[in-house]
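Shown next, in structure tokens, is the structure this report addresses.
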Amino acid sequence: MKRISCLLLAALTAFSLTACGGGSTESTPPETSPAETTPAATTPAETTPAVSVPPVEDLTGVDTSAIPGVEDGVLTVGMECAYAPYNWTQMDDSNGAVPIVNNPGSYANGYDVMMAQRICDAYGWELEVMALEWGGLTPALQSGTIDVAIAGKSMTAERMAEVDMAGPYYYATIVCVTTKDSAYASATSIADLAGGLCTSQSGTIWYDTCLPQIPDAQIQAPADTAPAMIMALQSGTVDFICTDLPTASGAVAKDDNLVILNFSGTDGDFQFATEEERAENVNIGMSVQKGNTQLLDAMNTVLSALNGDQFNALMDQAIAVQPEI
């Protein structure tokens, strides 16, 4: 039934993104969250941090045959496959890429695929990836076409009213990106970005909440996808963009003319009404069907073995193998 539904949804796949926004009010980053450990950066780390990532725990002895969605031993995961470094499409199975079941001949890779594979390896499940447009992920989850959506989604209260979310499986600091020759390249706070032409992705906290905090910002039309947002900066259409640190680091890794402006941990950072609201905008989770606590708990068991620094180390591995934008 999954594969039949997969074909029906293939035509809807558009590889578009309206991206990440927040986190659960019940979950906050550990003491060593990226917001605290990542300095105001101009380039991503050149090498993977010397952080030990534990091997996947062997949980194959756990009986998972009654967990809704994986009774057949297959975990079907939905993602856009167009949101590097969280997920992307490539044309071979290099670096652990997984076939995209509704796009024959194409393969999915990225941080989301790596984390999904860790969960599958722990329980001995087969990983199946389905490419869906952003707006189709929750409907596909609710219909049972996919078992989980792993797509860089923030754990907002609004989302968690529709689905349950495992995690966090990443803590995504909010940053801006500009070019090296920009007048804004030396900015140390959002106040220094005053009056600039800017954009972000549509339907995101970055566009709806962060950019309006910049004094006299000339906010342009939102970009439909992450690549389109980055292209607007590279082409000179805007002076800077607002996004999360992984997306920014992935862009800088492929274009050394770009620099990251990270104001986190300073008075010049983007502001939120409460720390709970801030957490909603950095905690990234995996969505499962509402009420599927068995799958939720199984996934959380694997995710809880990792901390923020280890998430960062794995994200760096994804950034190192991502394709050109």
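Coordinate-derived values only; no laboratory data. Computed from a predicted structure; not experimentally measured. Here Cβ is always computed from backbone atoms with ideal geometry, including for glycine, and neighbour counts include all displayed protein chains.
Between residue 126 and residue 51, what is the spin-label point distance in nm, taking each point 7 Å from the Cα along the Cα→C-beta axis?
Output for this residue pair reads 3.3 nm.
Along the charge dipole of segment 140-229, which of 167, 205, 178 sits closest to the positive end, that is, farthest toward it, with unit charges on the beta carbon of Lys, Arg, Asp and Glu (+1, +1, -1, -1)?
Of the options given, the answer is 178.
Taking the simple approach of a point 7 Å from Cα along Cα-to-Cβ for both residue 194 and residue 293, what is their distance in nm?
In this crude label model, residue 194 to residue 293 measures out at 5.3 nm.
Could you work out the equivalent-ellipsoid semi-axes for segment 163-214, taking the square root of 5 times each eigenvalue of the Cα gyration tensor, largest first, in whole Å?
Computed over segment 163-214, the values are 27, 13, 10 Å.
Assuming R0 = 45 Å, what is the FRET efficiency of residue 305 and residue 221, from their Cβ-Cβ distance, to the nearest 0.05? Kindly include the intermediate steps, with their values, before the conclusion.
Working: r = 42 Å, r/R0 = 0.94.
E between residue 305 and residue 221, to the nearest 0.05, is 0.60.
When only DSSP loop residues count, what chymotrypsin sites (Phe, Trp or Tyr not before Pro) in segment 84-160 have their Cβ near at most 16 other Cβ atoms within 10 Å?
Working: sites: 86, 88, 107, 111, 123, 125, 134; in loops: 86, 125.
Loop-located and lightly packed - none at all.
Evaluate E = 1/(1 + (r/R0)^6) for residue 235 and residue 271, where r is the Cβ-Cβ distance and R0 equals 35 Å; express this FRET efficiency to the nearest 0.05. Can you show the working numbers first?
Values: r = 30 Å, r/R0 = 0.86.
Computed FRET efficiency for residue 235 and residue 271 comes out at 0.70.
So what does the Cα-only Debye profile of segment 78-143 read at q = 0.19, 0.22 Å⁻¹, as log10 I(q)/I(0), no solvent term?
Normalising to I(0) and taking log10 leaves -0.69, -0.91.
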